[in-house]
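To start, the structure under review is shown below, and the notes come after it.
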Amino acid sequence: MQEIDLLIHSASQVCVVPGYDGPQRGERLGDLGIVEDGAVAVKEGRIVAVGKSVELRADYEAETMIDANGRTLTPGFVDPHTHLPWYGDRANEFEMRLGGASYMEIMAAGGGIMSTVRSVRQASLDELVADNLPRLARMLRYGTTSAEMKTGYGLEKAAELKQLDAMWQLSQRQPVEMAFTFLPAHAVPAEWHGRTDAYVNYVITELLPAGAEWMQKHGVTLFCDVFCEAGVFDVAQTRRILTRAAALGFRLKVHADEFEGLGGTKLAVELGAVSADHLVKTPDADISALGQGETIAVGLPGTPFGLAEREYTPAKAILAAGGALALASDCNPGTTWNESMQMVIALGCRYMELTQAQALAAATLNAAYAIGCGAEIGSLEPGKQADILILDTADYRQLGYRYGTNLVQTVIKKGQVVVE
Ligand code: NIG
Ligand code: FE
């Protein structure tokens, strides 16, 4: 008998979501590798074996045993695109949108992202941390064990660095593990209005080097992201920023094709970005490019839903082209304040026409690849970190089908029970 720390046994289904060293690309998406009557063995925070309960119970002597009692095990959800940490809210803008104003109109009139920028600039570091801790606690309760976060509500040096420091503190103070993104090109701030190229120069000469210095000091690799959108940053400006960022050691992401298809996705593939996110108005040529490159396509169905729009990421076309598709929440105070990846899965099934199995793999394994962590998290394969959910249901297909209630009963992060 081998000694281990934890054995979770008697699960009706263990959804392994095998990657075999890569994301599930194209039509392969949705391979859950289900083990019925299954168990997972954990030692020192890592998965050591997955198999039938009877076999693992015979092979392993565990310090702690959890009886899943006919429930379902899945990998912890990975949310590869959020806009935490922010401060304040924009319920007033939601009301304006209900009255007919569009998101981009509100932004052009000085509200939108700029409104949150003003709140974040005024908040202290402590306030920013305190305001975002409960958000992370809710994400965790709904099954998110790893998440990406970004700056982009500072848009000047001190406030962008304050957001990075807030993320760092948040990562140290609760269990959700984080990937960090630097997004000083999220909007052209009011003080640079009408001078987008000059702001791009400022990003390149002042903000990126400040972000690079922060990255060295903390010993983590930051992603650099740009909101490539009509009326925000065009493809040439995005290219300048990301090329400089890559030279400074950042890994790359792009907000592309949310409202108009400018070519941001093709650029992301060309520059070897880890992900291209949103992808609602993505032109056919850019969808083909996704099938040729390594860049993960991240669909954010909460965003059109939150904005009450009709068009969603064309998942079927992306998969037919051989692209690798992930799902994320985009959780932010402007377009979609939703902390639950279960809700994202429900929306992905309905509006991106994904099956529950495809949506689950997109929200775990492929989502992990979208933040460059696919070798460590996102599946229940031996060797990976033991980030495991026990769902209070005997069948994974309840995910997506049901929504609005939390199906997560227990959350295990690095082999430790963090939500019960
Ligand atoms: O991804 N599109 C740009 N950024 C966010 C919205 C941020 C905000 O409105 O505060 C998004 O939807
Ligand atoms: Fe976003």
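The values are calculated or read from the model by the stated rules, or taken from the named source; none is laboratory data. All figures in this text were calculated on a predicted structure; none of them were measured in a lab. Here the Cβ is made from the backbone with ideal geometry for all residues, glycine too, and neighbour counts use every protein chain on show. Accessible surface areas use protein heavy atoms only, side chains included; no ligands, DNA or RNA. Shrake-Rupley method; radii C 1.70, N 1.55, O 1.52, S 1.80 Å.
So what does the Cα-only Debye profile of the chain read at q = 0.06, 0.12 Å⁻¹, as log10 I(q)/I(0), no solvent term?
Values, matching the q order: -0.23, -0.91.
Taking Cα centroids, how far is the range 20-51 from the range 218-264 in Å?
If we compute the Cα centre of each part, the gap is 33 Å.
Taking the range 1-46, which GluC sites (Glu not before Pro) meet the DSSP loop condition and have no more than 11 other C-beta atoms within 10 Å?
Passing sites in the range 1-46 are GLU44.
Tell me the mean residue ellipticity at 222 nm calculated for the chain from its helices only (DSSP H runs of n ≥ 4, each -39500 (n - 2.57), averaged over every residue, nearest 500).
After summing the helix terms and dividing by residue count, I get -10000 deg cm²/dmol.
Given a 1.4 Å probe and heavy atoms of the protein chains only, how would you sort LEU271, LEU98, LEU290, largest accessible area at the top?
So, going from the largest accessible area down, we get LEU98, LEU271, LEU290.
If the reach is capped at under 16 angstrom between alpha carbons, list the aspartates and glutamates near LYS43, excluding any in the same chain fewer than eight residues apart.
GLU3, ASP5, ASP59, GLU61, GLU63, GLU376, GLU381, ASP387
Considering only DSSP beta bridges whose two residues both sit in the range 77-369, what percent are antiparallel, to the nearest 5?
If we restrict to bridges inside the range 77-369, about 5 percent are antiparallel.
If amide hydrogens are placed 1.01 Å from N in the peptide plane, which non-local residues have theirs closer than 5 Å to the one on GLN409?
Amide H neighbours of GLN409, under 5 Å, 5+ apart: ILE390, LEU391, ASP392.
Tell me the angle of helix 235-247 to the major Cα principal axis of the chain, expressed in degrees between 0 and 90 and rounded to the nearest ten.
Here the helix axis deviates by roughly 60 degrees.
Out of the GluC sites (Glu not before Pro) in the range 267-320, which ones are loop residues according to DSSP with at most 13 other C-beta atoms within 10 Å?
Passing sites in the range 267-320 are GLU311.
Just want to confirm a number: the relative contact order over the chain, from Cα pairs under 8 angstrom separated by 6+ residues, in percent.
In percent, rounded to a whole number, it is 22.
Can you send over the solvent-accessible area of PHE180, 1.4 Å probe, protein chains only, in Å² to the nearest 10?
Looks like 10 Å² after rounding.
For LEU222, list long-range residues whose amide hydrogen, built 1.01 Å from N in the peptide plane, is under 5 Å from its own amide hydrogen.
HN-HN under 5 Å from LEU222: ARG251.
Apply the Karplus parameterisation 6.51 cos²θ - 1.76 cosθ + 1.60, with θ equal to phi minus 60°, to every residue of the range 184-193 and state each ³J(HN,Hα) to the nearest whole Hz, in sequence, with x for glycine and proline.
x, 9, 9, 6, 8, x, 3, 5, 10, 3
Go through the range 296-302 residue by residue and turn each phi into a ³J(HN,Hα) via Karplus (6.51, -1.76, 1.60, θ = phi - 60°); whole Hz please, and just put x for glycine and proline.
Per residue, the Karplus-derived 3J(HN,Hα) values read 7, 7, 10, x, 10, x, x Hz.
Compare SER124, SER12 by solvent-accessible area with a 1.4 Å probe and give them largest first, with all protein chains kept in place.
SER124, SER12
Accessible area of ASP67, 1.4 Å probe, to the nearest 10 Å²?
90 Å²
So if I take the centroid of the Cα atoms in the range 172-190 and the same for the range 284-329, what is the distance between those two points in Å?
Computed from Cα coordinates, the inter-centre distance equals 22 Å.
Compare MET65, MET149, MET178 in a GNM of the chain, Cα atoms joined below 10 Å, and give the one with the largest fluctuation.
MET65
Starting from the amide H of ALA49, placed 1.01 Å from N in the peptide plane, find each other amide H under 5 Å away whose residue is 5 or more places distant or on another chain.
ALA41
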